[in-house]
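The structure appears below as structure tokens.
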Amino acid sequence: MLIKVKKAAVACALLGLFAFAGSASAALETRYTANCKPLSPETVEAGKEKRKLGLTDEYVYKQMQKAQDPLGREAYDEALAILLPLIERSENKPYESAWVRMQISFVYANKKAWPKAIEMAKAAIDKQALQEAQELQLRQNLVYFYLSAENNAKALEAAQEYFKYAVAPKPDMYALLGSIYFQLNRYQDSICPTFLAVTKAPTAKKPWLQLLASAHMELKDLEGTGIVLRDMLDKFPDDKNLWLQLSSIYLQQEKDADALAILDLAYMKGHVDQEGHLKNLAGLYANSGVPFKAAQILEKGIAAGHIPANEKNWRSIGQNFGAARDDAKAIAAYGEAAKFAADGTYFQYQGEIYSQNEKWPEAVAAFTKALEKGGLKDPGRVYLNLGIAQYSQGKVQPALANLEKATQYDKSRSNAASWIAFINSKRVASE
């Protein structure tokens, strides 16, 4: 059941939508991000000795230079024919051996020969002879090699190893780890790395925020999903889907004031142009006590071709205009609904509105159409109202005839008999 909200609550929600304060991490604090901590140290350990840069002999260097020509022509097998013999030649020189294998792993990667690229990269790392920066880059490459080979489990292991050796890792690597966890359906594990990527990046990256929102959604954390989507809207206000996603989250939480605020702003921006979303917005306005706005949204949706013109939708427009006491618009909407209806129900509705406004000729015409079209659920009520409208015009005999017909139906018998008695008593009194 939808919760009714006051207009003031809607206004407050609109004003507060983008009232974010503090750091990005504060804006993104959820039950899952609150205790996230970096996975690697932010500074190099004091006093830690760095590996020395190794050397390659002249022959190896020249062969590497020679391989550049076929590599430039993407003749990878030709390049490998030059480079592979260097493995045996450099076997007893740890740095040179690791460096040669690292270069060969790149060639295999260009060939998309992922098993070989992985083999060479791991062998190079195992030598523990490359400089720290070189080895860390190779560990990063190894993660991508495993992903390209569609081995997510091994990619995760490689990524975890990367963070053991990294210092102040780049946001991209945190995001990569988060995405690997997500692909393995480890949604909670994916949140902290993704959160750290988002908060460490100098500028917001939408795919990372989307990943963070999706992980919360997979964990059925609607509150957390909403927090992330609100932050995204603050950063990317022109993204139509974000408005609709956030309004959907609020609807699922039964936060109708927030859902209305978001969806109405999206509507004003021209982002709401699908039938379901337009009907959601109209329903929220109706339940918040603004039926006129609900009817307008549906009517404009039909005019724009976003909502089909059918009996159900025109009936809803008529009902909302009726609740807003705009009788003329309600009558017009019921007239449109009548074009699609198999019975005279909507002419009956028109007649009742005319009667409430004491427009007796129009009421008589509408009730007559309703009876002519037939198929009414309660024809006795229509005969009763038609008789009353005719009597109010001074047409006594037609009125009595229709009231007599109304007495043939159980629901209207008593009222019709009372009206007949009243009319006859007036006639006697006037004689």
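The values are calculated or read from the model by the stated rules, or taken from the named source; none is laboratory data. Quick caveat: nothing in here was measured; it's all calculated off a predicted structure. So basically every Cβ, Gly included, is an ideal-geometry build from the backbone, and we count neighbours across all protein chains shown.
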| task | Give the residue, chosen from ASP238, ASP189, that is acidic (Asp, Glu) and within 24 Å of VAL143 (Cα to Cα). | result | ASP189
| Scan of region 392-408 for residues that are surrounded by fewer than 22 Cβ atoms within 10 Å (Cβ to Cβ) and in a helix (DSSP H, G or I), ordered by number | SER392, VAL396, GLN397, PRO398, LEU400, ALA401, GLU404, LYS405
| remark: Out of (1) in a helix (DSSP H, G or I); (2) closer than 22 Å to ILE104 by Cβ; (3) among the aliphatic types (A, V, I, L, M), the one ALA129 does not meet is (1)
| message | Of everything in region 329-379, what is buried (at least 24 other Cβ atoms within 10 Å of the Cβ), of a type in the set (A, V, I, L, M) and closer than 17 Å to ASN402 by Cα? Give them in sequence order. | response | ALA363, VAL364, ALA366, ALA370
| query | Does at least one position in region 330-341 carry a residue that is part of a helix (DSSP H, G or I), under 26 Å from ASP239 (Cβ atoms) and of a type in the set (Val, Ile, Thr)? | reply | no
| task | Answer with yes or no whether GLU58 is surrounded by fewer than 15 Cβ atoms within 10 Å (Cβ to Cβ) and modelled with pLDDT of 65 or more. | result | yes
| task | Filter region 82-121 for residues that are among the hydrophobic types (A, V, I, L, M, F, W, C), part of a helix (DSSP H, G or I) and over 19 Å from THR56 (Cβ atoms) and give the result. | result | ALA109, TRP114, ALA117, ILE118
| field | Among the candidates ILE87, ILE125, ILE82, ILE118, residue that is of a type outside the set (Gly, Ala, Ser) and under 15 Å from TYR165 (Cα atoms) | value | ILE125
| message | If the requirement is being without any contact (Cβ under 8 Å) to a residue 40 or more places away in the chain and either of a type in the set (Ser, Thr, Tyr) or within 17 Å of ALA175 (Cα to Cα) (or both), which of these qualifies: ALA117, ALA155, ALA133, ALA123? | response | ALA155
| field | Qualifying position, being among the basic types (Lys, Arg) and either more than 23 Å from TRP314 (Cβ to Cβ) or touching a Leu at 6+ places or on another chain (Cβ under 9 Å) (or both), among LYS411, LYS329, LYS369, LYS339 | value | LYS411
| request: Tell me, please, whether a residue that is part of a helix (DSSP H, G or I) and more than 30 Å from ALA261 (Cβ to Cβ) can be found in region 295-306. | output: no
| query | Do the conditions hold for ILE423, that is, is it of a type in the set (Val, Ile, Thr), buried (at least 20 other Cβ atoms within 10 Å of the Cβ), touching a helix residue (DSSP H, G or I) at 6+ places or on another chain (Cβ under 8 Å) and in contact (Cβ under 8 Å) with a residue 12 or more places away in the chain? | reply | no
| Subset of region 347-371 [over 48 Å from the mean Cα position of the chain (by Cα) and part of a helix (DSSP H, G or I)] | TRP360, PRO361, VAL364, ALA365, THR368
| task | Check off (1) buried (at least 23 other Cβ atoms within 10 Å of the Cβ); (2) without any contact (Cβ under 8 Å) to a residue 12 or more places away in the chain for ASN385 and give me the number that stays unchecked. | result | (2)
